[in-house]
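The values are calculated or read from the model by the stated rules, or taken from the named source; none is laboratory data. Everything numeric in this text was worked out from a predicted model, so none of it was measured. Note: ideal-geometry Cβ built from the backbone for every residue, glycine included; neighbour counts use all protein chains shown.
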């Protein structure tokens, strides 16, 4: 997941965001039918549609390219059985997405028919299993809200500040050494005020962080 940044004027409440870490696939064979699951994180519905189109083009010779996707915490949810009996393919794939806890993601399951009918229950199990294989391979990842900020200090203060950063789980994005040391940092949103108060205590109010944005990053 790419780090997402936006400008903010006030601290954001702590929040978690769970999605897939990457695009991946998984495959299984059931009574000579081959099921290939593909999964990837998506930021928009158009991105999900484009992903589905890409898999359909790749497997244009397949009998079925079933899909499901979910965005905005379930506010957007779509699925297609793509010719399979109603309720045996798209809904099970969407159900696997929901049970995984991953948001903003799309799954396509391609089926190459092997000549043996699987029945309603067999189709549900096979599509569900292929979707789960793909999601497991893509890895469900939880991101947490971080506040980004800048902090300028002199060299004498830098060592004291640097010793405090691990105590708050602060991520160091960059450090520029000039006449003044400029640090670009990120901290879990819920700890920002506590760290700010600690700086004020250490330097009698002479140093204060300057908030620059907010992003989701891997929870640590």
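Can you confirm whether residue 136 is at negative phi, under 25 Å from the mean Cα position of the chain (by Cα) and touching a residue at least 40 places away in the same chain (Cβ under 8 Å)? Taking the combined requirement at face value, the residue satisfies it. For region 48-83, the set of residues classified as under 20 Å from residue 122 (Cβ atoms) and either in contact with a helix residue (DSSP H, G or I) (Cβ under 6 Å, 6 or more places away or on another chain) or in a helix (DSSP H, G or I) (or both) consists of 65, 66, 67, 68, 79, 80, 81, listed by residue number.
Among residues of region 170-191 being surrounded by 14 or more Cβ atoms within 10 Å (Cβ to Cβ) and in contact with a helix residue (DSSP H, G or I) (Cβ under 9 Å, 6 or more places away or on another chain), the one that is nearest to residue 149 (Cα to Cα) is 185. Among the candidates 108, 124, the residue that is farther than 22 Å from residue 41 by Cβ and in the same structural domain as residue 31 (by TED's automatic domain parsing) is uniquely 124. In this structure, does residue 112 turn out to be closer than 25 Å to residue 50 by Cα and touching a strand residue (DSSP E or B) at 6+ places or on another chain (Cβ under 9 Å)? So residue 112 passes the test. Tallying residues that are touching a residue at least 24 places away in the same chain (Cβ under 8 Å), part of a helix (DSSP H, G or I) and surrounded by fewer than 21 Cβ atoms within 10 Å (Cβ to Cβ) within region 95-106 yields 2. Filtering region 63-75 to residues that are within 15 Å of residue 89 (Cα to Cα) and modelled with pLDDT of 95 or more leaves 64, 65, 66, 67, 68, 69. Restricting to region 169-196, and then to whatever is free of Cβ contacts under 8 Å to residues at least 12 places away in the same chain and assigned to a strand (DSSP E or B), can you tell me which residue is farthest from the chain's Cα centre (by Cα)? Step by step, filter region 169-196, then rank; the result is 177. Only one of the listed residues (158, 127) is touching a helix residue (DSSP H, G or I) at 6+ places or on another chain (Cβ under 6 Å) and modelled with pLDDT of 95 or more. That residue is 127.
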